[in-house]
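Q: Right, I'll just put the structure down here and ask away after.
The values are calculated or read from the model by the stated rules, or taken from the named source; none is laboratory data. Just so it is clear, the structure is predicted and the values come from calculations on it, not from any experiment. Quick reminder, even Gly has a Cβ in these numbers, built from the backbone with ideal geometry, and neighbours come from all protein chains shown. The accessibility values were calculated without ligands, DNA or RNA, using every heavy atom of the protein model including side chains. Shrake-Rupley method; radii C 1.70, N 1.55, O 1.52, S 1.80 Å.
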Amino acid sequence: MAGAGSPRHALLAAILEHVQEHGTHDLSLRGVAAAVGTSHRMLSYHFGSRDGLLVAITQTVEQRQRDALRELMEASELPPLDVMRAMARRLVDPSLWPQERLFFDLYARALAGRPDARPLLDGVVEDWVAPITELFARLGFAPPPARVEARLALAVTRGLLLDLLATGDRGAIEEAMEAFIGRYRRPA
């Protein structure tokens, strides 16, 4: 991904605003180009294809979520379990459901070998495992077990998000997430 301040970054920021308001269901390069004041050729240049643009959108949303986790970890006095709870509340917010649907759709396409979606797999697990490992280290886990717990927490969270998108039962998901977080009340 291009750095902040680059033309690609500025374009992606405008596209994210558009997508936040209008979604991605009927997204076309020509339509989004018109909406953000550029040409479909410029979008093709920066993102390659519609799927390339969707991957860039998803990677940016994922990065924003990791940034939110880091902010919770760094800028607050919250204990680690409360950081987990705050992040879980953030992830089940209905405003994120369209981006989460897109994430799982692209994830499935990438796993099926679709070349335009394949870049999503770069870091899709590891980029999350690192900050979550740090959170488990704060709970008292040694490095190897902290990493195992981080991977487990990521898998549980993604599984519960899939459940949420399938059922819409936010209360049940929040209850399940609290039960998962509760298993860490005892010291490691």
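Q: Using only the Cα atoms of the range 1-50, build the gyration tensor, take square roots of its eigenvalues as a ≥ b ≥ c, and label the shape rounded, prolate or oblate: rounded if a/c is under 1.5, else prolate if a/b is larger than b/c, else oblate.
A: It comes out oblate by the Cα gyration axes.
Q: In the range 69-154, what percent of the accessible surface is made up of carbon and sulfur (1.4 Å probe, ligands and nucleic acids excluded)?
A: C and S atoms contribute 59 percent here.
Q: With the cut-off at 1.5 for a/c, could you classify the range 10-86 from its C-alpha gyration tensor as rounded, prolate or oblate?
A: Here the range 10-86 falls in the prolate category.
Q: How high is the relative contact order of the chain? Use alpha-carbon pairs under 8 Å, at least six apart in sequence, and give a whole percent.
A: Computed value for the chain: 18 percent relative contact order.
Q: Please compute the per residue accessible area over the chain with all protein chains in place, 1.4 Å probe, rounded to a whole number of Å².
A: Accessible surface, normalised per residue, equals 53 Å².
Q: Match the structure shown to one of the listed values (1) 15.4, 49; (2) 23.8, 100; (3) 17.8, 56 of Rg and Dmax of the Cα atoms in Å, computed from it, and give that label.
A: Step by step, Rg and Dmax of the Cα atoms in Å for this structure corresponds to label (3).
Q: Relative to the Cα centre, what is the charge dipole magnitude of the range 14-134, using +1 at the beta carbon of each Lys and Arg, -1 at the beta carbon of each Asp and Glu, and rounding to the nearest 20 debye?
A: Charge dipole, the range 14-134, about its Cα centre: 480 debye, nearest 20.
Q: ³J(HN,Hα) across the range 124-131 via Karplus (A = 6.51, B = -1.76, C = 1.60, θ = phi - 60°), whole Hz, x for Gly/Pro?
A: 4, 9, 4, 5, 8, 4, 4, x
Q: Another one. At 222 nm, what helix-only mean residue ellipticity would the chain give, in deg cm²/dmol to the nearest 500, using -39500 (n - 2.57) for each DSSP H run of four or more?
A: Theoretical 222 nm ellipticity from helices: -23500 deg cm²/dmol.
Q: What accessible area, in Å² to the nearest ten, does a 1.4 Å probe give for residue 167?
A: 90 Å²
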